[in-house]
Every structure is written in C-alpha cells, then in structure tokens.
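Remarks on the structure that follows.
The values are calculated or read from the model by the stated rules, or taken from the named source; none is laboratory data. Nothing here was measured: the structure is a model prediction, and the numbers come from that model. All Cβ positions, even for glycine, are placed from backbone atoms using ideal geometry, and neighbour counts span all protein chains on display.
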Protein chains: 2
Amino acid sequence: MQHNGARVEDTWRTCSKSDSSGASNSGCESSKESSRSSTPVLDTDRTDRLRDKMRRRTESGDHWFSLEFFPPRTASGAVNLISRFDRMGSGGPLFIDVTWHPAGDPGSDKETSSMMIASTAVNYCGLESILHLTCCNQTKEKITGYLSKAKRLGLKNIMALRGDPMGADWEEEEAGFNYATDLVKHIRCEFDDYFDICVAGYPTGHPEAESYDEDLRHLKEKVDAGADFIITQLFFRADTFLKFVRDCRAIGITCPILPGIFPIQGYQSLRQLVKLSKLEVPEEIMQVIEPIKDNDAAIRNYGIEQAVGMCRVLLESGEVPGLHFYTLNREVATMEVLRQLGLWIEDPRRTLPWAVSAHPKRKVEDVRPIFWASRPKSYIYRTQDWDDFPNGRWGNSSSPAFGELNDYYLFYLKSKSSKDALLKMWGEELTSEQSVYEVFTSYITAQPNVAGHKVMCLPWNDDPLAPETNLLKDELDKVNRRGVLTINSQPSINGKPSSDPIVGWGPPGGYVFQKAYLEFFTSSENVTALLKVLKKYEPRVNYHIVNVHGQNTTNAHDMQPNAVTWGIFPGREIVQPTVVDPVSFLYWKDEAFALWIEQWAKLYEDESPSRMIIKYIHDNYFLVNLVDNDFPLDNCLWQVIDDMFELLDNPPEEQPAEQTAEQPNDEQSDKEQPGK
Amino acid sequence: MQHNGARVEDTWRTCSKSDSSGASNSGCESSKESSRSSTPVLDTDRTDRLRDKMRRRTESGDHWFSLEFFPPRTASGAVNLISRFDRMGSGGPLFIDVTWHPAGDPGSDKETSSMMIASTAVNYCGLESILHLTCCNQTKEKITGYLSKAKRLGLKNIMALRGDPMGADWEEEEAGFNYATDLVKHIRCEFDDYFDICVAGYPTGHPEAESYDEDLRHLKEKVDAGADFIITQLFFRADTFLKFVRDCRAIGITCPILPGIFPIQGYQSLRQLVKLSKLEVPEEIMQVIEPIKDNDAAIRNYGIEQAVGMCRVLLESGEVPGLHFYTLNREVATMEVLRQLGLWIEDPRRTLPWAVSAHPKRKVEDVRPIFWASRPKSYIYRTQDWDDFPNGRWGNSSSPAFGELNDYYLFYLKSKSSKDALLKMWGEELTSEQSVYEVFTSYITAQPNVAGHKVMCLPWNDDPLAPETNLLKDELDKVNRRGVLTINSQPSINGKPSSDPIVGWGPPGGYVFQKAYLEFFTSSENVTALLKVLKKYEPRVNYHIVNVHGQNTTNAHDMQPNAVTWGIFPGREIVQPTVVDPVSFLYWKDEAFALWIEQWAKLYEDESPSRMIIKYIHDNYFLVNLVDNDFPLDNCLWQVIDDMFELLDNPPEEQPAEQTAEQPNDEQSDKEQPGK
C-alpha cells in the first residue's frame, strides 16, 4: 500500500527540470499549452506521454498495473463496459488497452467498435489508453486512415500487431504489411513520433515462428523499428517470463517488457484461450483445475491465488516495473489480485476535484462549471470541438460555443439503468407533483420509494449520492420533501488538508476550500418567496434563477464567474478548478430542463397523467443556483430555504389600501415575479 | 465620511451590464484586456476613462476632489513633488493635473518638465492625471508631437488651454491656434476619442473677453468642439460659481463643471495669484486678511475656514459633483479642507495589495513578484517596455525581459534623502560587518543609531517600515542583530476580512490570505547552516538562495511561481496578486545587490574601509528568500532562523574518522556549500 499515498506526490515532485527532456518530447502542443494555461498543471502525469510515465515510475520503483479489454458485442454491452472503465479506472491503472477485432468493423463509428471504445476511455473516462491495430490484409491507405482517425480522437498509443490472416490463402505481399515490424515502421514513417508504440512479445515464442530465437530476433526488429515497449502474451510460470526478459536483454532489447497476466477465471475460458493462443497449460495447473472444473467459484479462487503468487515472484525479481492484466472484460478476479498485491488504489487521490480527460488537447484543462459535476461526460461531449479551454470564462470572444443538445442517445450519455428499472425507481405512475418530490427524497435518503424500490439515480445524477453530498443529507431530505428538488450541492470547506479522504484533491501539503453551493428546481411560487428572502442575504449569497424559456434573474455580474472550489499548494499558484459561470449556466439550463422530458417524461405514454406532470414541472418550474460566498462561516443556504418556507407558511398581512401607494405590495410587483 | 467605506464597493457594484456602454467606449484596448487577463479586474476604476468615472460618481452622488500641481524648478524639487503625489494620492483624489509652462520646456524629457511630471504621476504614482497644454504661438506639428508623446507615455487626459501669448506682438493666425477651441478641435481631429479633454471656465468671465456672455459663448464652442468637462478659474464666493453654472446650463452646456477652489495660504501668494488672474478679492475677505497679513498661520487658518465654508455651500447646492483644488504644490491647507469636508480618505481601501499604475496599458496588470514590494517604481520602470503583462509567469516565451539596471539615477528612483542625511543614518564610518547590522536593527526598531540619528530608510526601503511589517518587529530585530539582514517580509494571514485596516485589500465581503515570507542578506557561513536546517522543513518551506554571481540554490520548481498573497471575494474568481517567481528573482537579485554599491558603498571614499566593508558584503553574502507554505499554521520561518543560529552556536561534533566514509561530513560536502 506504500505507493498509494505517494502517487500524486511522485508526479508532483518529478515536475522539475530533471524531467524537462521528457516533457519537451511532446512537442509544440506542450509549449502552446504552457503559455495558455492560467493555473499550473499540478500533475505531470497529465502532460507526460505514456512512455515517460513508465520511465518515471520505473526509476522511482513505483510498480504499476494496466488492464486489457475487448470491445463489446452490443450497445448495452458498451454502456456496461464504460461503467466498468469508470470503476476499474478508479483503482489507478497506468493505462488500459482495447483489442482490435478485424471482423467487427473496428475502425467505425459504431458504439461497439474498438476505435469508439478506446476513444471513450480516453475522452470520457480519462484513462490513458492503447488502441490495438492489426495490419495483416490491410492496405497502407486503410491503416493510415485508422491512425489518422485515432489521432483525431485523442488516442496517443498504438499496440502494433500483425493479426491473424483471414482465410487460409494468405501469402506475403511485396509492399504490404507482412509483419508487425512493417506496421511499426509505417507508423513512425507517417506519424513520426506522435504515437507511443507497443508490440507483442511471446515468452515461449510465437506459435508460427521457426524457433524461439528466430522469434526473439523478430521482436528485436520491432523494437529497432521504433516500438517503445513490449507486452507479452500470457504465460503460467514466472520463470518463463523472467527467462524471456533475460534473453531479450541479451540481444540488446532495452525497452520495458511488461508481463501479460491472465488470472484463470473459469474452465471454459481457459480452454478457449489456450486453443487460440496455442499455449500449453502446465501439468501442475491442470492437475488442480480438472477436479474442480465444474465449480466456477473454486476455479476463480485458485486463479486468483495462482496469479498473486506468480505476480509476487515477478515483482520481487526487480525485472518487472508493471503488470498487464488480461481482464476478459471482468472485474472481480483482476481487482482481487491487484488488491492482494497492494497495487489497487483504494482511495485514489484526485488531481483536481473532477476527473481529467486523457485527451491530449484537454489535459491542461483547469477549470469547469460546477453545473456538470454529475454529468462530466456530457460536459466533455458538449465541449469536444473546443480548441482551447477558457480559463474561467465562457462568455468572451475567445471562448467557443457549447455543443448542441441533439445527441441524448449517445451511448456514453445513456443511463446505465433499463427503462423498466427507471420506472420502478421513478414511479410506474405519477399522481401529483408531490409524487415527484418523493422520488427525490428517496434518492437523497437512500430509502425505498412507496413501491419498495431504492432510487439509485435521477436524470441529473446517474450514480448514488457522492460521499461529499452525504454530508448534507438531512438538510437535503428536508427541503426536497417540500419541493426544493436538489440536483447538485456542495458544503462549504474552509481549508481542509488536500489529503482529506472526502473533500481532498491535489498534491499533499495543500489546503482545499469550497463555497457552499445548492442547485435545485422549484415552483414559481417558491421562487417569488425566495427572491424576497434573498434580499436579506446580499451580497453574501449570489443567485441565478432561470426557467426553461431562459427568463433569468440574478444578482451576479453577467460575465464574471464565481470560483467555488480552490486549492492552495506548496510552491504553486492558486488552483481554482470549479466555478459558477453565468454564461455556461444558460447552456446547462437547456440540458437540465431537457432531462426532465428526455429521461423521465418519455418513460410514460404520450398524454398520460404521469407525462403531463413531468411536462408541467418542465414548463413551469425554475432552475435555481445559490452560492454562499462567506465560506469561513456556517453555510447559510439552508437558512435561506428555511426563510423561504417560513415566508410561504406565514405570508405577511395584506397592506392596507392607503399605504399601497407608498409601499407597493411586493407580491403584485413585476420585479418580484421572476421571468414575468 | 459615509462615502469612504463605500468607495471600492461602489465601483465593484457598478461593474455590471448597466455599465457596459461606458466600458465599451474604451474601445479595442478594453476588449483585448478582458480576453487577456487571468484574474478579474476588481475595480472598474481601473478600466474606465476619467469621464466615465466622473459620470458614475455623479450618478451615485459620491462627491470627489482633484488636485492641481505645477512642475517644479529643480530636480530635487521634482523628487519632493513625487513624494507629495504619493502622500496626497493616498487621500483618494479622482485625478490630479499638472500645469504647462511654455517657458520651462514643458514637453521635454527633463525631470522638471510638465510632461515628465505628469507621466511620473500616471506611471509611477498610479494617479489619474490631466496634462495641461497651451496652444498659443505653437505650430500644429509641435502640438501633435506633444500629444503623441503624451499618449506614448500613457497620459489619457488633456486640459486644452490657449495660454498667454509670449511677448506683446501676438496676432491671430489664419490657420493657427488662436483659441482653446482650435486646440480641442485639433485633438479630436488628430486623436479621435483617445483623450478626455478638459477646458477652462471663467465664473466672472475671461479677463480678455468682450463680455461675460461672449465668454460663455466661447465656452459653449469649446464644449461643442469635443471637451468632456470644465474646470473653473478660482473664485471667492459660492454664488459666483453657482450663477455661472446656471448660465452655462441655460445656453446648453451639459457637461460636468468643476469649481476651482483656492484655499488662501498666505498674503503674498494671494496677491500674486490675483495679479496673474486679474481677479478681484472681495472686500469682506480683504478686511479679514489685511490686519493679519504678517501672520502666516493666521492667514492659513482663515483660508481653510473660508474654503471649507464655501465648499459646503457648493456641495449642498447639488450642482457640484466634485471639487478641484489649486494646491500651489502644498499639502497642509488642502488636506485640512478636505478632511473637514470628509472627502479625504483616511484609510484608503486598496484595490490590490500593491498600488496599481494608472497607465492605460498597465491597468489590468494583476500579479507582481513580491521582491519589488518596497520598490514599486523600480518594478514599473524595469517592465515599462512590456506590451503584455504575464499572468503569474515571467519565464516562458510570452514574457519579455526585464529592463536593464542602467538608470539608477532616474529621479523617481532616487532616495528622498540627501547624501548627508544618508551618512548620518547609515554611518559616517563603518568599522565592521557588525556596524552594518546595527544600521538594519536601528531601521527595524525605529531607535536612533549610535550617532543618535533615526534610520528612516535603507537602500531597499525608502520609507519607514510598513504597518504590516511592524507586526513582525520583535522577530526582525532579533535576527538582524545577528546578521540576518532583512529587506522584505510579510506575516502569514489565514482569511482576514478584506476590510482589515492593516492587511486588507479588494472589495468588501472578501477574505485575504498570505503565506509568510522573509527575504534577507546573510553570510555564506550562515547559509551553509541554513541549508542543513531547511531539510527539516521540506516541503513546508520553499527557498531561493543566490549570490551576486548568480549561483543559485533552490528547492522550488524553476519555472513555477508560488502565490503568496491571494483573496477570495463574493461572486469572483480567486485573485492572486503577489507571487514569489523564480525567474524574476534573478532579475531582482541584480538590483538588490547593486543597491549595496550604488546607494551605500558610493557614499564613502574609494578604497575607504567603510566602502570596503559594504563591498565585502556585496561580494560574499547571499540573498535568501523563504516562503512558509503552511499559511494556516504559525509562521515557522522564525523557527528556521532560530534553528540556524542554534546550529551555528552548537555545531555537531566532528564525526570520528572511521565513520566518515559512510556518513560524509556535511560541512565538507560540495552540495552543502551553495554556489561553490
């Protein structure tokens, strides 16, 4: 576990001149970035390329792991795989890789293609990713097309493979791709140093190679052609790998060689893999497995034990800087092996309070509007065409527009839950606005709804409540019951250590701060009362109140963002990664209101009462955000809401007619009716 | 006094869309600025032009004052006048103006020219300034040249005057400048809307005008030609001015008309002014003054009383948004009048922790290195050629170089004290390094030196200790006695209100923070011990240690600034105006070491022991800066210095020889000897 806490610190410390040669490799992009960004990039992991990260981790003796996945067969499989990326990404893999299936249209825009899955991992899950690419039977134009597309999508790493010939009549082509070496050369020739290139190593020799030595010579050719590191085929004995590494070093292969680890997960998957890879399973393993071949749990437990043992030997050899896992798209076995090895990061230190995209263009992104806190993939999608990331401001001439809201069904923005599951959570039938309020309170309190189902998500939050939000649970419960339908909130934080397990982020030795924030939908009646109450809280509380038609009431400067999360770190400038930005709020408003209809109302029949209730809320409620600027004091936003309820419960007496001329009745005043 | 606290708040509040028309008047510069700056401009006063500031203050009923000065005759007079600008600037004038003396080479680069004095006020004292310009007997080319030069120097406002003909044989010229109107037209024709233009009004009519009405018509012509506001000649009765304003309004003059106030300061100056301006002093005033004409104090007291009474009538009339004072380059009477009127800001709220230059190019400057904290004019001078102000970083390609150190004798960088005074303070004769230490402790403690003189300044600090530094007095005293020669320091601040009278800055309702900072010269021996001690304080304390040769030791990133002052304000992004920047530190180092020689050593004879002692310090001492990153804890920098003294007082025992091989004696290690 020793490395866990040290992860951010290491990258932090090595951000020094000794590292400048590596950093300068990333070329013109990096120099452009450094002159652009306002706040310091806290973590060189964000700017380094994969081979430099490996080098640094190797030099510091900080072992890593990586995870291999294959593309799913169905769209719903893709949604599940992406959730898995998010979950497994939290354990801190140095990278993941996505295999290339020539028969599955791997370079297409389909939700299930290798290209799209890898691109999603990079852009939306923030994972350093390697895209596999096979060249056999492909034209140079086709391969260049794939590589150009990969580059365009933000992919920086390629696993260059020959692949299996399709059909039996394959022969070497004169100017074609006959070996992975040809592909490596082609990549370096066409794309210079842009990609990091990985190639495959065969600890027992490639099954088609004339000999083990012949195969080693081919591997040397691949490395000489420009490959940066090697991942091996799976193997079952540590010695097999360690001998292979010695043999590689002996013929002058100096790059990193990562062992491919295959935790045995079941009898059938083992047999299938062995058949495909033409490997032999050692006798001592078969002797254990055959007797328990019908007991999946037992085989998996054995597989975990066997992998842990082998990995320990590998790591202790000093020859292995990191472990590569063939996950078979499953979580449990690989995570258990990693946990037992102490490589899984249980409590990943966050570089920023939000997940950083791994797209090379976005790595220096340093500020985001708070509104998309629970919908980070949507934010990334809607800003994907930006060339430059504004540094706090979205409103001036230098900032590009937000992407249109015309792609709700993009698979990575879909809810993880089925329509049936959503209906169970959000109500098969709604009878009133109150029944909508109850859905919100069930979600907040994690208590079952009237039908006995737990509400695990809402249209604005596809995951259960964040630990930080849990700090506010009682208050949130209370206000949601009365129709203050909260969709985003954060408590105030006055200088907690950056290592705080719940609210901490950034390198150690720093302090993080927050202004309290609350965002909710509520009725026009409530807003009228709220606006009166808010007068008492000037200038302490900033608000923006808007309805679906864009009628907007605010006491904030219309172009000036309000920083609501910031951090102070040793030897650094201030980092302010989250803001309430008035310009982007109006883009968020479109999305926040549309989710009522797209994700909730459309679950019900057209013209049904349930749909009409949601439609009524969509058409008539206001979206409100509140910031308590006085972060060192107790959060006053709950008091604001309490005061609003108090005013609604005990409205002031109607003014006598003779006083009305001097003191106009606020309730009749246009000014008090937002958006009227 | 009601407006004092409201000053920053007003400009803060009005920074909203209702103000965008005014702001957009400043044209392309302002839009460029807004896309460039990283942190928000907190105060629209910094970006507005003078006429917009007047409009906002008039609309809000917030009375202002302004101050008129004439250029000095001698260079030492110029140094004194600039000190006066700093002192009187602290009272919060909306602007100052500098008269134009055709006989005094007013447009030249001489230290005493009108042009240079006005430029110094704008650039180095941060004062909004109006340069007078007379056109009589001048060619268009000459006038255009003056205006171009004024623009180049950052002046934005011109008082357009005809001036008095030189000699008696003046006649109107066909295409020349015959009236101020011609000059106004010329400025608008040649410089479009760049300058704000002021013209003179004569409450009793211009002495040369045919009639009062004729003169009013001329004034109307000046305004119609493009003048933005009017300042009147002095007068002695409020009624005179108020009638004049009514008459102006009656013929359609709508721009602001500011009364010129002349507090009577002495019998002779009154007589002279009256003669020059051809004004009559009212009988009721002469009756008071004549009997006391030899009692300067009595006359001044009467003048103050008379001015206060008249100003009260003017302000209460509702016709007067601001008062313009003819100061005669004196402080006492004008300040007293302003104090009695409640217009003098006793505790000026600071927009940023350092004084903002009024140069249009520099108004959006939002961050400075802490090193020049006591030498802000030097920083402005050395960065005067920058087109763009880096936003925290001085080291990357976008940041221009610092100006050379070849102009020590620039008048505005000169010490305010004479050589004699400096010798009294810093020692007629130095006998040892210790006698230098005593000069520092005398300065810190404000106690007389051995010769009985108070040390009011040091080469690095031309003013007595700042109130903030006074918080550290006892500690500073203690360390200076032992040769830790402090030249800059600030305490840590963990979230004090922005309205704090000592450390506060920025708009109300905010919180300001600081990391503790200490900068000093000290001997190589001390530095060797200090470096050992600092190991215990990693990563809490960042240090930079450099000698005159540029040999540099640091534990900080070599390009990353450390923010040491920042503020959090309602509805804003974080503001971080002061940093410890490693790149600019090496430029500061040149200046800091040079001051030993240029300001101190050169007081003594060449080869004299005194000079040799200073020279020795210059050649052998190190300049050290320390930052305590852990701002919420008690400042640890004093403990660092204490630990250093402790190590020097009780050096560890020499290691036995047999252990030396394994544990190299640090004192002999190259690594421990900075710069060796």
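Which of the residues belonging to segment B:407-461 are under 16 Å from B:I617 (Cα atoms) and loosely packed, with under 14 Cβ neighbours inside 10 Å? B:E429, B:T431, B:S432, B:Q434 - these are the residues of segment B:407-461 that are under 16 Å from B:I617 (Cα atoms) and loosely packed, with under 14 Cβ neighbours inside 10 Å.
For segment B:209-296, give me every one of the helices (runs of 4 or more DSSP H) that falls completely inside it and has 2 or more residues that are surrounded by 16 or more Cβ atoms within 10 Å (Cβ to Cβ) and of a type in the set (D, E, K, R).
By residue number, B:212-224.
Could you tell me whether segment A:592-610 includes any residue that is in contact (Cβ under 8 Å) with a residue 24 or more places away in the chain and under 21 Å from A:V627 (Cα atoms)? Taking every residue of segment A:592-610 in turn, at least one turns out to be in contact (Cβ under 8 Å) with a residue 24 or more places away in the chain and under 21 Å from A:V627 (Cα atoms).
Within segment A:333-354, at least one residue is more than 18 Å from A:W505 (Cβ to Cβ), outside any helix (DSSP H, G or I) and of a type in the set (A, V, I, L, M, F, W, C).
The conditions of being in contact with a Cys (Cβ under 8 Å, 6 or more places away or on another chain), closer than 23 Å to A:W64 by Cα and either in contact (Cβ under 8 Å) with a residue 60 or more places away in the chain or crowded, with 23+ Cβ neighbours inside 10 Å (or both) are not met by A:V313. Out of the residues in segment B:579-624 that are in contact with a strand residue (DSSP E or B) (Cβ under 6 Å, 6 or more places away or on another chain) and charged (D, E, K, R), state the one that is nearest to B:N461 (Cα to Cα). That would be B:K589. Taken over segment A:535-563, the residue count meeting the criterion of being over 16 Å from A:K589 (Cβ atoms), surrounded by fewer than 22 Cβ atoms within 10 Å (Cβ to Cβ) and of a type in the set (A, V, I, L, M) is 1.
Remark: pairs (first residue in segment A:616-635, over 17 Å from A:L586 (Cβ atoms) and facing chain B (nearest Cβ under 10 Å); second residue in a helix (DSSP H, G or I) and at pLDDT 95 or above; Cβ separation under 8 Å; 6+ apart in sequence or on different chains) = A:D628/A:L637.
Answer yes if at least one residue in segment A:171-180 is over 24 Å from A:L216 (Cα atoms) and modelled with pLDDT of 90 or more, and no otherwise. Spell out how you get there, then give the answer.
Going through segment A:171-180, the residues over 24 Å from A:L216 (Cα atoms) turn out to be none.
No, segment A:171-180 has no match at all.
Of all residues assigned to segment B:384-398, none qualifies as being away from chain A (no Cβ under 14 Å), modelled with pLDDT of 80 or more, within 23 Å of the chain's Cα centre (by Cα) and part of a helix (DSSP H, G or I). Across segment A:179-208, what is the total count of residues that are assigned to a strand (DSSP E or B) and either farther than 21 Å from A:H324 by Cα or in contact (Cβ under 8 Å) with a residue 60 or more places away in the chain (or both)? Here the count works out to 2.
Please go through segment B:297-332 and give me each residue that is aromatic (F, W, Y) and not in a helix (DSSP H, G or I), ordered by number.
Residues satisfying the conditions are B:F325, B:Y326.
Taken together, the criteria exclude B:G550 from residues that are modelled with pLDDT under 95 and either among the charged types (D, E, K, R) or under 18 Å from A:F513 (Cβ atoms) (or both). Pick from segment B:340-351 the residues that are modelled with pLDDT under 85 and buried (at least 21 other Cβ atoms within 10 Å of the Cβ): which of them is nearest to B:S90 (Cα to Cα)? Result: B:R349.
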